[in-house]
Ligand code: EPU
């Protein structure tokens, strides 16, 4: 197991290119199951979650060929064996986004067996809305040995039947649930209306790709998506949208170190709530250059004066994203006042609080709310990564802390950030990856 060793206090300077989005890429890859033709995805980040999805698709009869390209990797997917429709627990337990294969498998093959994902470090994470949506499209769903078994209605030639579906739950809509139902409805008989659909930019990216495959979809990006089913979808060539969470994380890195940092390939149009919050904190995000694609801009992050405290409530898009909560909390640990952070998507997503406290942060959590009292400085310490974004928050804190921070279990970070240590070291941070055991040995001999 690897650790990150970070010496805090270095100013950063230079340029970081933002990768293609992991959370967009996963359901885009699953959509390869919807067509007999090749699906070519470019700017796919090279991450363990992506490798797991490739492995899962392989078991489901999809051959994937990856080639390194100017931006990330380009993966060509081609269904070669449509008889395999079982997403096994051994893979699903490594990655919850495996559930994204359920809708496409069912819609194209008439049946699917996908292991029911369990809870994870950030909460219980049920999939009841996914299942309700597929049932509304006529599927029969049963649970067998921990697997979801879904079968299309009889008398339709294995096709689902379009229907109006309300996809709202106690915490708003569901992102992967919307991706699943929208993908499944593309091949259904008749029209589907998804009401209370997720409005996340990753859903718009998926809809755009499905449309380029021949799907008839309107309204993606709004709470009402209308899908008119078609008989078949063709292949396509699609560039994955840029990663708004990776971009926001590097913005936090710049802000906490008081650095001017340039980001390329930044989906600013999908980041308005984060950019607005930065503004209230005295951190500026200024677009630069002549590029006019608001989803692939270059920008400079800079800070004037101390970090100001703010109130943040995580919400579905276009509200403040839960996936940036931990990174902003790290930043607010060094603000000059009291901030209030309320988590409305995953009320238990606060595992980073105890670890930040080990570094000298003053955070008082009560239920889904944390009050962060800014301190003058953080101190390096050994800490434990617990989930992807919590770990990113620890990296942010470590970049500004006095002394050395050792972050254990960085495999969590590797799930969502490609070569994070190289990217940060490339702009001047003191961060390196080390083998946990070797590092412990050498630390003992110091
Ligand atoms: N929910 C239900 N029932 C469902 C589905 C969701 O009650 O059937 C609840 C969840 O428990 C949660 C809320 O609805 O409280 C939202 O969950 P959602 O389904 O939208 O989450 P997701 O689609 O499983 C994606 C991202 C997450 C991100 C969330 C919220 C991917 C692969 N994952 O998960 O990303 O936090 O949307 O924006 O796209 C991450 O990247 O670190 C990450 C966890």
Inset, instruction - Looking at (1) touching a strand residue (DSSP E or B) at 6+ places or on another chain (Cβ under 7 Å); (2) closer than 20 Å to residue 225 by Cα, find the lone condition where residue 128 falls short. - result: (1)
Inset, instruction - Quick one: in the range 223-251, of everything that is under 29 Å from residue 71 (Cβ atoms) and more than 18 Å from the chain's Cα centre (by Cα), which residue is surrounded by the fewest Cβ atoms within 10 Å (Cβ to Cβ)? - result: 237
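If I filter the range 399-409 for residues that are in contact (Cβ under 8 Å) with a residue 60 or more places away in the chain, within 16 Å of the ligand (Cβ to nearest atom) and closer than 20 Å to residue 258 by Cβ, do I get at least one hit? If you could, list the steps in order and put the result at the bottom.
Initial filter on the range 399-409 (in contact (Cβ under 8 Å) with a residue 60 or more places away in the chain): 399-409.
Filter once more, keeping what is within 16 Å of the ligand (Cβ to nearest atom): 409.
Cutting the leftovers down to closer than 20 Å to residue 258 by Cβ gives us none.
No, that holds for no residue.
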Legend entry - Test for residue 155: is it over 18 Å from residue 30 (Cβ atoms), in the same structural domain as residue 166 (by TED's automatic domain parsing) and touching a strand residue (DSSP E or B) at 6+ places or on another chain (Cβ under 7 Å): no
Inset, instruction - Identify all residues within the range 299-325 that are touching a residue at least 60 places away in the same chain (Cβ under 8 Å) and more than 16 Å from the ligand (Cβ to nearest atom); write none if there are none. - result: 307, 309
Legend entry - the range 332-355, residues that are under 18 Å from residue 397 (Cα atoms), assigned to a loop (DSSP other than H, G, I, E, B), without any contact (Cβ under 8 Å) to a residue 60 or more places away in the chain and within 16 Å of the ligand (Cβ to nearest atom): 350
Inset, instruction - Within the range 44-76, track down each residue that is within 17 Å of residue 246 (Cβ to Cβ) and either in contact with a helix residue (DSSP H, G or I) (Cβ under 8 Å, 6 or more places away or on another chain) or surrounded by fewer than 23 Cβ atoms within 10 Å (Cβ to Cβ) (or both). - result: 44, 45, 46, 47, 48, 49, 50, 71, 73
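Please determine whether any residue of the range 196-205 is loosely packed, with under 15 Cβ neighbours inside 10 Å, on the phi < 0 side of the Ramachandran plot, within 13 Å of the ligand (Cβ to nearest atom) and assigned by TED's automatic domain parsing to the domain that holds residue 98. Break it down stepwise before answering.
Narrowing the range 196-205 to residues loosely packed, with under 15 Cβ neighbours inside 10 Å: none.
No, that holds for no residue.
Do you know which residues across the range 356-368 are surrounded by fewer than 24 Cβ atoms within 10 Å (Cβ to Cβ) and in contact (Cβ under 8 Å) with a residue 12 or more places away in the chain? Full working, then the answer.
The first filter runs over the range 356-368 and keeps only residues surrounded by fewer than 24 Cβ atoms within 10 Å (Cβ to Cβ), leaving 357-358, 360, 362-368.
Scanning the range 356-368 gives 358, 360, 362, 363, 365, 367, 368.
Return the only residue of 259, 302, 290, 298 being over 24 Å from the mean Cα position of the chain (by Cα) and surrounded by 19 or more Cβ atoms within 10 Å (Cβ to Cβ).
On the way: 302 fails: surrounded by 19 or more Cβ atoms within 10 Å (Cβ to Cβ); 290 fails: surrounded by 19 or more Cβ atoms within 10 Å (Cβ to Cβ); 298 fails: over 24 Å from the mean Cα position of the chain (by Cα).
Among 259, 302, 290, 298, only 259 is over 24 Å from the mean Cα position of the chain (by Cα) and surrounded by 19 or more Cβ atoms within 10 Å (Cβ to Cβ).
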Inset, instruction - Identify all residues within the range 166-186 that are surrounded by fewer than 24 Cβ atoms within 10 Å (Cβ to Cβ) and more than 11 Å from the ligand (Cβ to nearest atom); write none if there are none. - result: 166
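Does residue 305 meet the test of being outside any helix (DSSP H, G or I) and under 26 Å from residue 133 (Cα atoms)?
Numbers: outside any helix (DSSP H, G or I): yes; under 26 Å from residue 133 (Cα atoms): no.
Considered against the rule, which asks whether it is outside any helix (DSSP H, G or I) and under 26 Å from residue 133 (Cα atoms), residue 305 comes out as no.
Every residue, every condition in (1) closer than 17 Å to residue 212 by Cα; (2) not assigned by TED's automatic domain parsing to the domain that holds residue 88, yes or no:
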residue	(1), (2)
13	no, yes
27	yes, no
31	yes, no
34	yes, no
37	yes, no
41	yes, no
46	no, no
52	no, no
57	no, no
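The values are calculated or read from the model by the stated rules, or taken from the named source; none is laboratory data. Only a predicted model underlies this, so the values are computations on that prediction, with no experimental measurement involved. As a convention, Cβ positions derive from the backbone with ideal geometry for all residues, glycine included, and neighbour counts pool all protein chains shown.
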